[in-house]
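Reading through the structure tokens given below for one structure.
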Amino acid sequence: MRRIRVLAICSAFVLIAACEGFMHVRGRVVDPMGNPVPYATVSTPATQETVQTDSAGQFDIMYFDSWFALGTHVRVDAAGFTSVRKFLRRNTAPTSNVLVLRADTTRS
């Protein structure tokens, strides 16, 4: 009976470890007019992963998380714009995760 209990506990740990892996969050960063914002910095504060958008404003950030996670919070920073924080769903097309940056009016 003790062996069965130990086997069950070990199996549970293996199952939990198998439920973690690398996830992708894809998206696009645009200005209020819908123009792409190239070379914006996109980061996941929880895992500290960081990428830059390409010339079309698109990004694909990979991070390690549980398979049960629906997505992750990201922060977007770009020169001349205010920072944006938003929850993005994982493994979706870039067109479904669009982040709109507003002009930073606090700097002169």
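The values are calculated or read from the model by the stated rules, or taken from the named source; none is laboratory data. For clarity, every value in this text was computed on a predicted model and none was experimentally measured. Methodologically, a virtual Cβ is constructed for each residue, glycine included, from the backbone with ideal geometry; neighbour enumeration extends over all protein chains shown. Protein only, heavy atoms only, side chains kept; ligands, DNA and RNA dropped before computing areas. Shrake-Rupley method; radii C 1.70, N 1.55, O 1.52, S 1.80 Å.
Looking only at residues in the stretch 84-102 that are open to solvent by 60 Å² or more (accessible area, probe 1.4 Å) and more than 11 Å from ARG28 (Cα to Cα), the one that is modelled with the highest pLDDT is ARG85. Filtering the stretch 33-64 to residues that are assigned to a loop (DSSP other than H, G, I, E, B) and either within 15 Å of ARG85 (Cβ to Cβ) or touching a strand residue (DSSP E or B) at 6+ places or on another chain (Cβ under 6 Å) (or both) leaves VAL37, TYR39, ALA40, PRO45, ALA46, THR47, GLN48, THR53, ALA56, GLY57.
Among the listed residues THR72, THR44, identify the single one that is touching a His at 6+ places or on another chain (Cβ under 9 Å), open to solvent by less than 60 Å² (accessible area, probe 1.4 Å) and at pLDDT 80 or above. Within the list THR72, THR44, the selection yields THR44.
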